[in-house]
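The next block holds one structure in the form of C-alpha cells; read it before the comments.
The values are calculated or read from the model by the stated rules, or taken from the named source; none is laboratory data. This structure is a prediction, so every number in the text was calculated from the model and none was measured. Cβ coordinates were reconstructed from backbone atoms using ideal geometry, including for glycine residues, and neighbour counts include every protein chain displayed.
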Amino acid sequence: MAARNTTLTIPPSVWTEITDSDVSSITFQVGSQNVWVIATDGTIPAGFDGALFYEPRQGEVNAALADLFPGVTGATRVFVYSIYTGSKITVSHA
C-alpha cells in the first residue's frame, strides 16, 4: 500500500481523489476554501449524497472510513470537491 503525506491543490467543480491507494483510515485538514468529502469503493462519486462538508481548518485525525461513512460498503478511496479555485487540503494515510 502506498503512503501519502502531502498538501494537494483541488481543482474546482470536479471530484478529486486524495488517496493514492486503498486505505482504511485517513488524516486530513482543509487548508483553504470549503470542500465536500466522500468515500467510495473506488468509483468516482456521481453526486453529493452522503458527502460531508468541511470548512477551512477542519478535518479528521486517523479516522476510519467505516466510522466516517458507515453506509458505504467497501469504502477504500476518498474524494473531495470544491467550487473554489486553489482549495488546499493536507492529507496523510498509510
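Before moving on, here are some points about what is shown:
- Of all residues in segment 56-81, exactly one satisfies the criterion of being charged (D, E, K, R), surrounded by 14 or more Cβ atoms within 10 Å (Cβ to Cβ) and over 21 Å from V14 (Cβ atoms), namely E60.
- Residue check for F53: over 20 Å from L8 (Cα atoms) and under 12 Å from the mean Cα position of the chain (by Cα): no
- Count - residues of segment 39-74 that are among the aromatic types (F, W, Y) and either in contact (Cβ under 8 Å) with a residue 60 or more places away in the chain or outside any strand (DSSP E or B) (or both): 2
- Positions within segment 25-38 being in a loop (DSSP other than H, G, I, E, B) and either crowded, with 20+ Cβ neighbours inside 10 Å or at pLDDT 95 or above (or both), in sequence order: N34
- V61 vs. criteria hydrophobic (A, V, I, L, M, F, W, C) and more than 11 Å from the chain's Cα centre (by Cα): yes
- Meets criteria (part of a loop (DSSP other than H, G, I, E, B) and either in contact with a Lys or Arg (Cβ under 9 Å, 6 or more places away or on another chain) or surrounded by 12 or more Cβ atoms within 10 Å (Cβ to Cβ) (or both)) for T7: no
- Out of I83, I89, one residue alone is hydrophobic (A, V, I, L, M, F, W, C), assigned to a strand (DSSP E or B) and either touching a residue at least 60 places away in the same chain (Cβ under 8 Å) or more than 14 Å from T16 (Cα to Cα) (or both). It is I89.
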